[in-house]
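The values are calculated or read from the model by the stated rules, or taken from the named source; none is laboratory data. Note that the structure is a prediction, hence the values are computed from the model and not measured. Quick reminder, even Gly has a Cβ in these numbers, built from the backbone with ideal geometry, and neighbours come from all protein chains shown.
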Amino acid sequence: MVSVTRRSVLATLLLAGACAGPRTTPTPDVMGIPVVSAHAARLYRDAFVIDTHNDMPTRMLDDAYDASVRHPAGFGRGEGNTDLPRLMESGMTAEFLSAWVDAPYARRRGDSFARAVRYVEAIREFTAKHPGQLRFATTAADVRAAKREGKVAIFIGLEGGHAIEGSVEGLRDLYARGVRYMTLTWNNGNSWAGSSIGAGGTRKGGLTPFGRDVIQEMNRLGMLVDLSHVSDSTFFDALAVTTVPVIASHSSARAINDVPRNLSDAQLRAIAKNGGVVNVNFYSRFLDPAFRARAEEVDRAIARERRALPAGTDSAAARTRLGAMRDSLMARIPPTPFAVLIDHFDHIAKVAGVDHVGIGSDFDGVTALPVGMEDVTALPRIAQALIDRGYSDDDIRKMLGGNMMRVMTQVLDRQAALP
Ligand SMILES: [Zn+2]
């Protein structure tokens with residue numbers, strides 16, 4: 001999840017001439033959007049297709065987004081990358097819906113945990129409302145059953161370890177409610193784990209002794225340890241403690257785009273050694289160095305605007321205006337080509353091995369996606385693009401979800417089978 005702001009036509013008018021001219025929509029062949037062949041469609045349809053990070057629940061809670069009906073693809077209010085009709089159309093087998101607990105909930109005792117529970121309830125309600133299409137899932141066996149029944153398996157992933165409020169009991173409670181992975185931190189670190197960003201001056205270092213207890217308890221319960229968002233030292237500390245494979249639910253390759261949220265080649269190799277899976281994040285700013293450079297220019301322009309605000313300016317109104325300005329500038333950045341997304345799959349497959357790559361879209365949690373990857377229904381294009389890069393059908397099945405099935409069977413099903 002990254003924070004979502006809204007575009008404004010007014011700000012676009014205000015800013016006319018402030019940067020390069022309006023974006024023109026490129027033709028598909030120029031942007032290299034793969035055309036899905038019969039072979040790719042069949043391969044995709046028969047495979048387990050698993051996406052390990054989707055923020056649609058935040059739209060449901062904060063934007064009154066009715067996930068049961070179709071919406072246009074987009075990032076604004078009333079738009080989205082995911083909903084029930086498009087989940088079914090996508091042909092995917094399993095989706096991890098994110099229970100993302102924003103950093104400010106950590107300020108007051110009880111709020112983070114309550115927020116996580118609210119997400120869990122919303123996700124379970126949505127799933128229960130559509131028994132003919134969705135199946136609530138906690139194991140790989142549930143995914144196999146969903147596949148047989150032609151349903152989409154819905155998992156809950158908790159994003160932000162501050163939600164357990166420093167308590168193993170809190171962790172157990174959320175497990176009992178159906179949560180099957182926990183991202184140890186979000187952009188904010190917490191009392192026991194450091195994040196890659198350290199937002200608001202929070203922890204950026206490694207795991208504390210209690211943090212190691214948390215990993216051991218997750219192993220014992222059968223909850224996946226998710227190392228997306230964590231600091232490099234927490235990443236390696238967690239790998240030293242865990243006795244089972246881990247995941248990165250939505251992280252890409254730092255060798256292609258050097259941002260702290262992506263994983264270095266050393267980290268990719270460490271996850272391979274652990275037997276885990278790195279699930280590629282689709283956010284343009286994490287994928288594409290050209291997009292990121294332009295986005296950083298926008299950040300600097302907005303910072304200059306903020307510094308130039310006259311004293312006494314109403315801060316809420318100023319924030320809204322600057323947010324709209326930022327969105328309109330961001331919307332003018334040339335979109336990321338589809339091939340850049342596939343470069344990350346390719347790089348992780350080459351460095352970590354083809355057994356350690358998966359899909360972690362971050363749909364509905366990001367504000368820019370590669371052209372041709374506008375919503376969940378575009379996922380089959382990944383199968384085609386990987387065929388075009390020379391991967392075998394077996395390798396592609398692994399990357400689409402086979403690797404996650406291996407890890408989920410090892411971590412979730414083994415524990416579920418215990419008395
Ligand atoms: Zn995230």
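Select, from Thr202, Thr183, the only residue that is within 23 Å of Met399 (Cβ to Cβ) and either touching a Ser or Thr at 6+ places or on another chain (Cβ under 7 Å) or not assigned by TED's automatic domain parsing to the domain that holds Ala99 (or both).
Thr183
Which members of region 142-196 meet the condition of being hydroxyl-bearing (Ser, Thr, Tyr) and either within 16 Å of the ligand (Cβ to nearest atom) or under 19 Å from Ser251 (Cβ atoms) (or both)?
Tyr181, Thr183, Thr185, Ser195, Ser196
Take region 197-224 and flag every residue that is modelled with pLDDT of 95 or more and assigned to a loop (DSSP other than H, G, I, E, B).
Gly206, Leu207, Thr208, Gly222, Met223
Somewhere in region 286-301, is a residue modelled with pLDDT of 95 or more and touching a Gly at 6+ places or on another chain (Cβ under 8 Å)?
No; the residues of region 286-301 include none that is modelled with pLDDT of 95 or more and touching a Gly at 6+ places or on another chain (Cβ under 8 Å).
Here is a yes/no grid of residues against (1) closer than 19 Å to Asn188 by Cβ; (2) surrounded by 21 or more Cβ atoms within 10 Å (Cβ to Cβ):
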{"position": "Asp55", "(1), (2)": "yes, yes"}
{"position": "Arg77", "(1), (2)": "no, no"}
{"position": "Arg86", "(1), (2)": "no, no"}
{"position": "Leu97", "(1), (2)": "no, yes"}
{"position": "Pro104", "(1), (2)": "yes, no"}
{"position": "Glu125", "(1), (2)": "no, no"}
{"position": "Pro131", "(1), (2)": "no, no"}
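Quick check on region 281-298. Is at least one of its residues more than 24 Å from the chain's Cα centre (by Cα) and on the phi < 0 side of the Ramachandran plot?
Yes, that holds for at least one residue.
For Thr93, state whether it is crowded, with 20+ Cβ neighbours inside 10 Å and in contact with an Asp or Glu (Cβ under 6 Å, 6 or more places away or on another chain).
no
Take the residues in region 197-222 that are among the aliphatic types (A, V, I, L, M), crowded, with 18+ Cβ neighbours inside 10 Å and in contact (Cβ under 8 Å) with a residue 60 or more places away in the chain; name whichever of them is farthest from the ligand (Cβ to nearest atom).
Only one residue fits best here, namely Leu221.
Any idea which residue in region 48-62 is farthest from Leu84 (Cα to Cα), counting only those that are within 11 Å of the ligand (Cβ to nearest atom) and not polar (S, T, N, Q)?
The extreme case among them is His53.
Go through region 226-245 and give me each residue that's more than 11 Å from Ala193 (Cα to Cα), among the β-branched types (Val, Ile, Thr) and either part of a helix (DSSP H, G or I) or within 16 Å of the ligand (Cβ to nearest atom) (or both).
Val241
Regarding region 83-92, can at least one residue be identified that is of a type in the set (S, T, N, Q), farther than 22 Å from Gly160 by Cα and at pLDDT 95 or above?
Checking region 83-92: at least one residue is of a type in the set (S, T, N, Q), farther than 22 Å from Gly160 by Cα and at pLDDT 95 or above.
Please determine whether any residue of region 233-244 is under 26 Å from Phe363 (Cβ atoms), of a type outside the set (Val, Ile, Thr) and buried (at least 24 other Cβ atoms within 10 Å of the Cβ).
Yes: region 233-244 contains one or more residues that are under 26 Å from Phe363 (Cβ atoms), of a type outside the set (Val, Ile, Thr) and buried (at least 24 other Cβ atoms within 10 Å of the Cβ).
Filtering region 254-285 down to residues that are over 19 Å from Lys350 (Cα atoms) and buried (at least 19 other Cβ atoms within 10 Å of the Cβ), which residue is farthest from the ligand (Cβ to nearest atom)?
Per the stated criteria, the residue is Ser284.
Mind checking which pairs have a first residue in region 335-364 that is at positive phi and a second that is in a helix (DSSP H, G or I) and within 16 Å of the ligand (Cβ to nearest atom), Cβ under 8 Å, 6 or more apart or different chains?
Asp364/Met56; Asp364/Thr58; Asp364/Arg59
Give all pairs with beta carbons closer than 9 Å in which a residue from region 233-248 that is assigned by TED's automatic domain parsing to the domain that holds Asn219 meets a residue that is charged (D, E, K, R) and surrounded by 24 or more Cβ atoms within 10 Å (Cβ to Cβ); count only pairs at least 6 apart in sequence or on separate chains.
Sorted first by the residue in region 233-248, then by its partner, the pairs are Val246/Asp226; Ile247/Asp226; Ala248/Asp226.
Among (1) under 20 Å from the mean Cα position of the chain (by Cα); (2) assigned to a helix (DSSP H, G or I); (3) buried (at least 17 other Cβ atoms within 10 Å of the Cβ), which single condition is Asp142 missing?
(1)
Hey, can you tell me all the residues within region 100-130 that are part of a helix (DSSP H, G or I) and charged (D, E, K, R)?
Residues satisfying the conditions are Arg107, Asp111, Arg115, Arg118, Glu121, Arg124, Glu125.
More than 23 Å from Asn54 (Cβ to Cβ), of a type in the set (Ser, Thr, Tyr) and within 15 Å of the ligand (Cβ to nearest atom): is that true of Ser251 in this structure?
So Ser251 does not fit the description; no.
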